[in-house]
Amino acid sequence: MSEFSSKTFNAKLYSVSRPNYPKSLYSYLLKYHQLKNTQRSSSPSFLIDVGCGPGTATLQMCQHFHTNFNSMLGVDTSEVMIKQAQNNNTQYPNLSFKVAGATALSKVVPLAHSVDMITAAQCAHWFLPFGDFLKEVKKCLRPRTGTLAIWGYIDPRFVDYPELDTLLYELDRAKNQFGPFWQEPGRQILRDLLDAQKINPDIFYDIQELKYTIQDYRRDISNPANHKNSPFVLTKEMSLLDFRNYIYTWSAAHKRQQVLGDTDQIVANFFDQIFHKVPSLTMNSRVKVLWNTVYKLARAK
Ligand SMILES: C[S@@+](CC[C@H](N)C(=O)[O-])C[C@H]1O[C@@H](n2cnc3c(N)ncnc32)[C@H](O)[C@@H]1O
């Protein structure tokens, strides 16, 4: 069972502490989708957000795509996440949420080949075997025009404090911190920015993929002439206190707490080391956080 399905997982904290995705990602996605959907603008259209969690991307898509889709559905295997998503949806009557799994998606779609867009934000690394998910997507999407969009993020870094990169790396990976408490192989798949989740060109076309990393960002700052354009640059300004809350949304932080009961200690040690290394920082200091990102887009054949 994924940590996100545990009854003790704090879906509310997840909901407020995780980053929202940038508008540029949604604009890019819509432009991609509309390239093959110009003539369909007046007929009913349907979007499914798989692995929707508390509705992080789903609610943002309602805001950005409200004139483009008549109805939206968020599905997730976690009941606590779906409950939180339902609570978070205070304003969109055409949005609903359901407990359902990515590899049985066609069971929640009333009609085969009737879905216009399927999104999977920060969850495709859990969909195993990935080929089964793709087959389900293919069954659901409209042929030729239906869009699949997958994206993910990982490895936060404090943009202006490269000297803290190692501490962040160790918090995530060290054996005596959260390293062994991530569920595999999902975590490694995400660390590799979804390299293993290949979109099958036999059943999809117009496949696009782009990664953007902290190295790209720092290179862009020091050398704007070589700027790597990506619609998915994920940054968030937050206090270190907010960042602390964000750490508590990691599945490995929840797992370590379940197994050893000392997540508070691990997190406290991490901040002690931060303050030791950069004494000017306090829990109230605001930092700019950037995550490595990847997105993949494709259309059903
Ligand atoms: C890291 S959360 C991402 C939530 C949200 N999409 C976001 O962008 O923040 C991953 C979610 O995927 C869900 N999940 C994991 N495996 C799944 C599967 N096979 N089918 C559907 N949802 C799944 C988990 O329950 C969890 O809510």
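Would you tally the residues in region 1-21 being within 13 Å of the chain's Cα centre (by Cα) and at pLDDT below 80?
Total satisfying the criteria: 1.
Which of the residues spanning region 15-33 are in contact (Cβ under 8 Å) with a residue 12 or more places away in the chain, surrounded by fewer than 15 Cβ atoms within 10 Å (Cβ to Cβ) and assigned to a helix (DSSP H, G or I)?
Within region 15-33, 16, 23, 24, 27 meet the criteria.
Which of the helices (runs of 4 or more DSSP H) found entirely inside region 189-301 contain at least 2 residues meeting this: at pLDDT below 95 and either exposed (fewer than 14 other Cβ atoms within 10 Å of the Cβ) or of a type in the set (Phe, Trp, Tyr) (or both)?
It comes to 214-222.
For region 144-168, which residues satisfy the criterion of being closer than 22 Å to residue 23 by Cβ, of a type in the set (Ser, Thr, Tyr) and away from the ligand (no atom under 14 Å from the Cβ)?
147
Determine which single condition residue 169 fails, assuming it passes every other condition in (1) within 30 Å of residue 240 (Cβ to Cβ); (2) in contact with a Lys or Arg (Cβ under 7 Å, 6 or more places away or on another chain); (3) among the hydroxyl-bearing types (Ser, Thr, Tyr).
Of (1) within 30 Å of residue 240 (Cβ to Cβ); (2) in contact with a Lys or Arg (Cβ under 7 Å, 6 or more places away or on another chain); (3) among the hydroxyl-bearing types (Ser, Thr, Tyr), only one is false for residue 169: (2).
Kindly state which strands (runs of 3 or more DSSP E) lie completely within region 34-112 and contain at least 1 residues that are surrounded by 14 or more Cβ atoms within 10 Å (Cβ to Cβ) and among the acidic types (Asp, Glu).
Answer list for region 34-112: 46-50, 71-76.
Limited to region 123-143, what total is found for residues that are assigned to a loop (DSSP other than H, G, I, E, B) and either modelled with pLDDT under 95 or within 13 Å of the ligand (Cβ to nearest atom) (or both)?
Adding up the residues that qualify gives 4.
The values are calculated or read from the model by the stated rules, or taken from the named source; none is laboratory data. Predicted, not measured: the structure shown is a model, and the values here were computed from it. Note that each Cβ is placed from the backbone with ideal geometry, even for glycine, and that neighbours are counted across all protein chains shown.
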